[in-house]
Amino acid sequence: MPESVSWPRRFDRSGVPLLIARLVLGGLFIYMGAKKVQIPSEFLKQIRLYQFLPENPPFFLNGTAIVLPWLEILCGVALILGLWLRGAALACAAMLAVFTPAILVRALNLKAETGVSFFEVKFDCGCGAGVVITWKKLIENSLLFLLAVYAMFSRSTRFCLSTMLRGQAPNSAPSAPCPPKEDTRTTSLQSLHSPTQQ
Amino acid sequence: MNAVGRTVLEAGLLVILSVGVGFGANQWRNTGSVQFQKNYFDLSISDEQKQKLQGAATLATAKPAAPAAPAPKPESPAAAVAHKPKHDFQSLTFGQVAEIFGDPETGEGLNVFVDARRDELFNAGHIPNAVQCDPYNIDNYIETVLERASGAAKIIVYCGGGDCVDSILLSKELVMNYDVPIEKIFVYEGGWTEWTTNGMSAETGGGLGLED
């Protein structure tokens with residue numbers, strides 16, 4: 001008797017939720033990176049305002065201004081194409097894990113200095129979207145972070161260029177044989193790169 | 001290699017690729033590149049540098065720089081609180097700048113306003129008759145600035161105001177690399193934000209349109 005598969009796993013195996021996550025996350029990262037790449041000096045000025053990196057030596061700030069926008073673009077492209085997918089998702093999650101608390105800290109500092117309500121704080125976060133309302137940006141970033149984490153741990157490899165290049169069948173075909181019984185109490189990345197698909 | 005190692009490797013490869021593409025693109029672009037080794041925010045002039053400047057004797061006997069005018073209370077929380085580094089230039093308050101703007105000598109070119117913002121912002125609005133000089137693309141603007149500045153008694157440099165330090169960066173460039181006498185340079189720290197908040201006149205257009 002075929003093992004019953006939970007509906008979230010079946011839904012994930014369809015590849016559709018991962019594809020949506022990839023398109024949203026990848027598209028946004030490409031857009032934001034492209035905005036920053038247009039005028040690197042503006043991005044440099046914005047990241048300085050966070051006072052997160054030392055101004056001396058200048059390599060930290062300047063290197064970040066030069067490299068980070070391209071990292072966003074390349075991760076976005078990798079996500080959309082489904083190439084180095086999980087590495088790109090990890091990089092996006094890491095960037096968001098740094099950006100989001102930095103925005104929060106800066107917003108709290110602005111709130112303390114200007115005396116306005118937290119929900120009224122807005123500033124150019126350097127994200128590429130201009131002046132943003134902080135609390136909305138924090139929610140947006142948190143959702144993007146969840147998408148990135150999902151992309152890292154999803155078991156689906158459908159609609160991925162890497163799968164096509166390897167000549168493998170996508171993992172979520174309905175007629176695929178049942179996977180060997182596994183301990184479902186632990187979920188790990190171990191099986192994601194397994195050559196045998198579920 | 002296990003899946004975790006592979007994921008980390010993929011992320012690392014993306015970072016390495018980004019470094020290559022980023023630095024390559026930075027070298028290749030005509031305008032707006034970031035010079036990797038330049039400290040854009042070291043805006044003070046050392047004593048040794050001051051000794052070498054023209055007018056060092058004048059600087060030594062000059063009155064202490066006027067304290068920077070406090071930033072006006074922002075109408076909107078979007079106005080950032082100033083994080084201006086220390087600098088060695090004379091600062092002007094809004095009142096002083098407005099007085100200079102209305103001075104007939106300004107119309108004769110004896111007082112020159114220099115806008116240190118990039119094209120998009122300059123074109124959207126600037127102090128009437130100000131000359132643009134983006135310090136991150138200074139080569140494209142410096143000839144015009146020096147031409148206007150050569151006959152000027154006062155050169156008032158401004159940028160956006162608030163957290164913007166481009167006016168100070170430009171002032172240092174003019175003094176250190178283009179031999180503009182430091183006593184001629186005045187920094188209007190309130191900048192464009194304060195100018196417009198006080199309902200002063202504005203001019204649009206006139207930028208070189210060099211942005212990518």
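The values are calculated or read from the model by the stated rules, or taken from the named source; none is laboratory data. Just so it is clear, the model here is predicted, and its values are computed rather than measured. Glycine gets a Cβ as well: all are built from the backbone with ideal geometry, and neighbour counts include every protein chain shown.
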*Tabulated pairs, the stretch A:115-139, first over 15 Å from residue A:96 (Cα atoms), second assigned to a strand (DSSP E or B) and not aliphatic (A, V, I, L, M), C-beta under 8 angstrom, 6+ apart or interchain*: A:130/A:124; A:131/A:122; A:131/A:123; A:131/A:124; A:132/A:122; A:132/A:123; A:132/A:124; A:133/A:122
*Counting only residues that are of a type in the set (Asp, Glu), touching a Leu at 6+ places or on another chain (Cβ under 8 Å) and over 23 Å from residue A:42 (Cβ atoms), how many does the stretch B:156-212 have?*
1
*Of everything in the stretch B:94-121 that's among the small types (Gly, Ala, Ser) and in a loop (DSSP other than H, G, I, E, B), which residue is surrounded by the fewest Cβ atoms within 10 Å (Cβ to Cβ)?*
B:109
*Taking the stretch B:162-212, which residues are in contact with a Ser or Thr (Cβ under 8 Å, 6 or more places away or on another chain) and modelled with pLDDT under 90?*
B:162, B:210, B:211, B:212
*asked:* Tally up the residues in the stretch B:108-121 that are away from chain A (no Cβ under 14 Å) and closer than 17 Å to residue B:33 by Cβ, please.
replied: 0
*Spans of helices (runs of 4 or more DSSP H) in the stretch A:13-115 with at least 1 residues aliphatic (A, V, I, L, M) and more than 20 Å from residue A:129 (Cβ to Cβ)*: A:16-38, A:59-81, A:85-114
*Name the residues in the stretch A:100-114 that are within 10 Å of another protein chain (Cβ to nearest Cβ) and free of Cβ contacts under 8 Å to residues at least 12 places away in the same chain, would you?*
A:109, A:111, A:112, A:113, A:114
*Hey, among the residues in the stretch B:1-35 that are part of a helix (DSSP H, G or I) and of a type in the set (Val, Ile, Thr), which one's farthest from the other protein chains (Cβ to nearest Cβ)?*
B:16
*Considering A:94, A:151, which residue is within 26 Å of residue B:20 (Cβ to Cβ) and out of contact with any helix residue (DSSP H, G or I) (no Cβ under 7 Å at 6 or more places or on another chain)?*
A:94
*Of the residues that sit in the stretch A:47-83 and are within 13 Å of the chain's Cα centre (by Cα) and within 7 Å of another protein chain (Cβ to nearest Cβ), which one is surrounded by the fewest Cβ atoms within 10 Å (Cβ to Cβ)?*
A:74
*Hand me the list of helices (runs of 4 or more DSSP H) wholly inside the stretch B:122-212 holding 2 or more residues that are within 14 Å of chain A (Cβ to nearest Cβ), free of Cβ contacts under 8 Å to residues at least 60 places away in the same chain and closer than 27 Å to residue B:95 by Cβ.*
B:166-177
*All positions within the stretch A:141-165 that are buried (at least 16 other Cβ atoms within 10 Å of the Cβ) and more than 13 Å from chain B (Cβ to nearest Cβ)*: A:141, A:144, A:145, A:147, A:150, A:156, A:158, A:159, A:163
